[in-house]
1. Which whole-number percentage describes the relative contact order of segment A:240-329, with Cα contacts under 8 Å and a sequence gap of 6 or more?
2. Would you mind counting up the charge near A:Arg14? Only other residues with Cβ under 11 Å from its Cβ, with Lys and Arg at +1 and Asp and Glu at -1.
3. So for the protein assembly as shown: antiparallel DSSP bridges make up what percent, rounded to the nearest 5?
4. Over chain B, with a Gaussian network built from C-alpha contacts below 10 Å, which listed residue (B:Val128, B:Val65, B:Val35) shows the highest mean-square fluctuation?
5. Sort the following peptides by mean Cβ neighbour count (other Cβ atoms within 10 Å, averaged over residues), highest first: A:20-29, B:106-115.
6. Run the helix sum for chain A: -39,500 (n - 2.57) per DSSP H stretch of 4+ residues, divided by residue count, reported at 222 nm to the nearest 500 deg cm²/dmol.
7. Longer than 32 Å from Cα to Cα, which of A:Lys24/B:Lys107; A:Lys85/A:Lys182; A:Lys156/B:Lys44; A:Lys151/A:Lys199; A:Lys151/B:Lys44 are they? Say none if no pair is.
8. What is the extension gain from A:Thr83 to A:Asn310, computed as 0.36 nm multiplied by their sequence separation minus the C-alpha to C-alpha distance, in nm to one decimal?
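What follows is calculated from the coordinates using simple rules that are stated; it is not laboratory data. This structure is a prediction, so every number in the text was calculated from the model and none was measured. As a convention, Cβ positions derive from the backbone with ideal geometry for all residues, glycine included, and neighbour counts pool all protein chains shown.
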Amino acid sequence: MTENNFTENTIVVRFSNLTRRFGKFTAVSSLNLQIHEGEIVGLLGPNGAGKSTTMKMMAYLIRPTEGDIFIRHNGTLERLTNTNKDYLLDRFGFLIENPAFYDNVTPRQILSYFAELRGYPSKLTHKRVEDVVTMMGLSEWIDKKISTFSKGMRQKIGILSTIVHDPQIVVLDEPSTGLDPKAQVEIREFLLKLKKMGKTIFISSHLLYEISEVADTVAILNHGQLIACDTVETLEAKAKKSIIQLELFPNPNGQLQEVTTHLTQLVSPLTGLESQKNQVRYNGNTRAFEILFDGNPEHQVQILKTLTTNNFNVSDFSVPRAGLLEDLYLNLIQKGENDQNE
Amino acid sequence: MSDSVLEEQRFAPLQEELRMDLGKGRALRQIKKTVIFDGRRNFKKLIAMILINTLFVILFLIINVLRDQPPEEATDYVISYLQFFSFLMLITAIYFGGSIIVEDFEKQTGNLLFPKIERGRLLIGRYVARFTFASISLTVYYAEVALLTYINYETVPVVMWESLGWAILYLHLVLSFVTLMSGLLNRIATAQVASLLFLLMVFNIIIQILMFTESTIEPLFILTYYGNIITAWFNMPATRYEDRNPFGPMGLLDRTFRSWATPSAEGMIIGVIIYSTILLVGAFLIYRRKQAKS
Ligand SMILES: Nc1ncnc2c1ncn2[C@@H]1O[C@H](COP(=O)(O)OP(=O)(O)O)[C@@H](O)[C@H]1O
Ligand SMILES: [Mg+2]
């Protein structure tokens, strides 16, 4: 879908030197970022990175301390101000942080209200609300009180409330944080549907996979600063490091600590990396060890040889692609930490 | 036809020209929608408040039945039902108004709403909805009392409806005050408790202090002072104030304390309009600047 035929004319939102301070603390620092029509941009960063603050400025919930936000309207990029926000934001839908929902109303009531506040024609609202609720698979619940809904269902209604007035640009702040895996997948599928309809999506998360699964462009934010912004592919290519995924048989459940230390001693001199820290770690989710190395196949072979000569029963030894980006993310953030401390 | 084709047809994008007017027309429309939505949301509260009011009416009915001699005049009978009324009004205003601003921050619903509607419009819409509901519940109280009066005296004093008029005007003042408190505080519960404390105690304490400084100015800045007119109206012209010299007879001190009883009708109208406007503008300014604590 993204053939990168983006030009100046396809920009729908531009942050220009966007800065927000709370007292002396800088939550967002000189952010420059562009969002193009029809693109999914992921804003990735750890907790406290400034993601919500950025989105709140976009929604005009808070004012920037410095810098501007430009939004396309009738062909030109207009600076977002108090006087034009009413119509500029018609084309936006926002779900920021975790707003609680009005318990005592039904999805139909609240979604109709939100649609009409943003100028959706009254005559068409009824049908529109039913359509989006159906699209989310909640049509049986449309007239039930929200107080009876699960967390995931509430979040889905939250997402519907951002799109019910048919905006061009959808802004979602950590939409699936805290939800069960099934709901997370459903929300991700929903986002891809929106993308198919040509919507522009700006989504934030502190979890890489939530972003990398859907986004065309990833912007990584740390301590309020943009530390990387590129397509997922380019970022992966930029990652100089790679990860070896290593499974042992039988899995040394009882002695992970010892095995990790042992592996580190054996493997560290062979990875081609300068830093000797944390080069081997155990990933509890995949039940595999992860060895960082410089991506050089020769080193990869040496590591495998060393492991077999040292009587490790290697049942899997691979370099998965997704790991690269994860590591880049951690790496960039860690680098940020070091820069901060200096 | 495949599902995706169906879906595409169903979700043909809205033609932007169809979007409803910007500017003034939109503001009114948004306010109207807010009144309806907020009304729906608070409808249960209205029912609850009417039930509470009815309980009070029944309580006074029992007291009246148990009394040996019922009042001779219908007006006195009505008044007997209004003894707790100003307290009931405070409760009503606090019950409907306590959450009006603070709920958006306590529950972060503001993050959903504020990008969609200007806070001023939201506040107006909510205020109208809640003021209407509170007025309805007070009117129901009066209507129940009127019914009982009619059963017992076969007449309903007209002055009672004038009193209801004052009550509704006073309600506007109290609700404005509660709205301001809802802007100042960070939780619904604290806004409600603080409002109650102020209305029941703080204002009274100030009145006492003023009296003992031998001040003779009419305390038009004391919010609860305006509530007195609701019952005083039955016996017009009412005593505006009373000068007392409690220590005089003992010859201890030669001091007079002026205790204000009722505002004049003009003072009431002008005072309430100015006072509530100040409170509401203050509440709006706070609301506009207020941010959710993260
Ligand atoms: N209203 C506020 N007052 C003071 N500090 C704030 C406020 N809002 C956010 N911050 C601070 O700004 C930083 C960024 O916050 P936020 O944008 O919410 O991060 P994220 O959404 O990426 O987790 C945090 O350190 C947070 O404590
Ligand atoms: Mg956040």
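1. 48 percent
2. -1
3. Once the DSSP bridges in the protein assembly as shown are tallied, antiparallel ones form about 70 percent.
4. Top of the fluctuation ranking is B:Val65.
5. B:106-115, A:20-29
6. The per-residue figure over chain A is -11000 deg cm²/dmol.
7. Pairs exceeding 32 Å: A:Lys85/A:Lys182.
8. 74.6 nm
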